[in-house]
Amino acid sequence: MIDDKTMRSMLEGMESAAEEALRGDPAFYETLRGLKAEIDRDPRVQSAVNRIHAEGSRVYSSLIPRIRIRIRTSAGEIFLPGPNKTAARRPSPVAHLTQELKSAASTVIMRGRYREVLDRIMTDALGASKRFEDIAAELEREGHEIVICLDLSTYAQVREPAGPVSRTKNLPTSGEPVAHPFSRQDLEFLKDLKISASES
């Protein structure tokens, strides 16, 4: 019988193997790039981005695919915690616009054809990964069910100005250095996929 600690370690191994399998798949990258372009062209997304810019804030957009795996056991589900969330802050002038942007992006993801293509590519890539299949087979022999989900919920992050700003003077300039709000792990994964986190 596999204990809880070992199962979590195996879960980490599966998620790592899944990301590794996708990094080497050019079709996944091309489809992801197509989905991001579709989101960027969406009128609701463009409207939200423009209004956020008008408030003096920046929008960093990049689809960061994450493989989420859960193991269903007789005692319940086991899964790894997601990335740390930013501490809750007081409502800001762009909070509702940020939510509107994320909602618009999610709508494009769910209604478009790219999501199904990405799911199919992911399934094929994981099936071809010996490392992933070996771990999955061991868990299934113990009677556990494996649930795999491709999470594309992270489309954009908004960086608000540190203090009161003029809506014209504090808009980003082309020569200004950019500090991306994505984590180091996110940036490394995007780099492997030949995708850059861009400022919209």
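The values are calculated or read from the model by the stated rules, or taken from the named source; none is laboratory data. All of these numbers come straight from a predicted model, not from anything done at the bench. A quick note on method: Cβ atoms are made from the backbone with ideal geometry, for glycine too, and the neighbour counts reach across all protein chains shown.
If you go through region 25-40 and keep only what is among the basic types (Lys, Arg) and either buried (at least 18 other Cβ atoms within 10 Å of the Cβ) or at pLDDT 95 or above (or both), you end up with just LYS36. Please specify each residue of region 62-74 satisfying the condition of being in a loop (DSSP other than H, G, I, E, B), among the hydrophobic types (A, V, I, L, M, F, W, C) and either out of contact with any Asp or Glu (no Cβ under 9 Å at 6 or more places or on another chain) or modelled with pLDDT of 90 or more (or both). Correct list: LEU63 only.
Of the numbered criteria (1) surrounded by 15 or more Cβ atoms within 10 Å (Cβ to Cβ); (2) of a type in the set (Gly, Ala, Ser); (3) closer than 22 Å to SER129 by Cα, the one SER61 fails is (3). In this structure, ARG44 does not satisfy being assigned to a strand (DSSP E or B) and either among the polar types (S, T, N, Q) or surrounded by fewer than 19 Cβ atoms within 10 Å (Cβ to Cβ) (or both).
So in region 37-62, with the set limited to residues that are of a type outside the set (D, E, K, R) and within 19 Å of the chain's Cα centre (by Cα), which one is nearest to SER103 (Cα to Cα)? Looking at the filtered set, the residue picked out is VAL45.
Being within 17 Å of ILE71 (Cβ to Cβ), of a type in the set (Val, Ile, Thr) and in contact (Cβ under 8 Å) with a residue 60 or more places away in the chain is the filter here, so list the residues in region 1-33 that pass it.
Listed by number, the list holds a single entry, ILE2.
Can you pull out the residues in region 2-16 that are more than 17 Å from GLY82 (Cα to Cα) and either loosely packed, with under 14 Cβ neighbours inside 10 Å or modelled with pLDDT of 95 or more (or both)? Once the filter is applied, which keeps residues that are more than 17 Å from GLY82 (Cα to Cα) and either loosely packed, with under 14 Cβ neighbours inside 10 Å or modelled with pLDDT of 95 or more (or both), region 2-16 yields ASP3, ASP4, LYS5, THR6.
Take the conditions part of a loop (DSSP other than H, G, I, E, B) and either modelled with pLDDT of 95 or more or under 16 Å from the mean Cα position of the chain (by Cα) (or both) and apply them to THR86. Does it pass? Yes. Scanning region 111-139 for residues being within 20 Å of LEU32 (Cα to Cα), without any contact (Cβ under 8 Å) to a residue 40 or more places away in the chain and in a helix (DSSP H, G or I) gives a total of 7.
Residues in region 147-161 that are of a type in the set (Gly, Ala, Ser) and touching a strand residue (DSSP E or B) at 6+ places or on another chain (Cβ under 7 Å): ALA156 alone. Is there any pair linking a residue in region 50-61 that is acidic (Asp, Glu) and modelled with pLDDT of 90 or more to one that is surrounded by fewer than 17 Cβ atoms within 10 Å (Cβ to Cβ) and not in a strand (DSSP E or B), with Cβ under 6 Å and at least six apart or on different chains, and which? Listed by first residue and then by second, the contacts come to GLU55/PRO93. Can you work out which of the residues in region 140-166 that are among the charged types (D, E, K, R) and part of a loop (DSSP other than H, G, I, E, B) is modelled with the highest pLDDT? The extreme case among them is GLU142.
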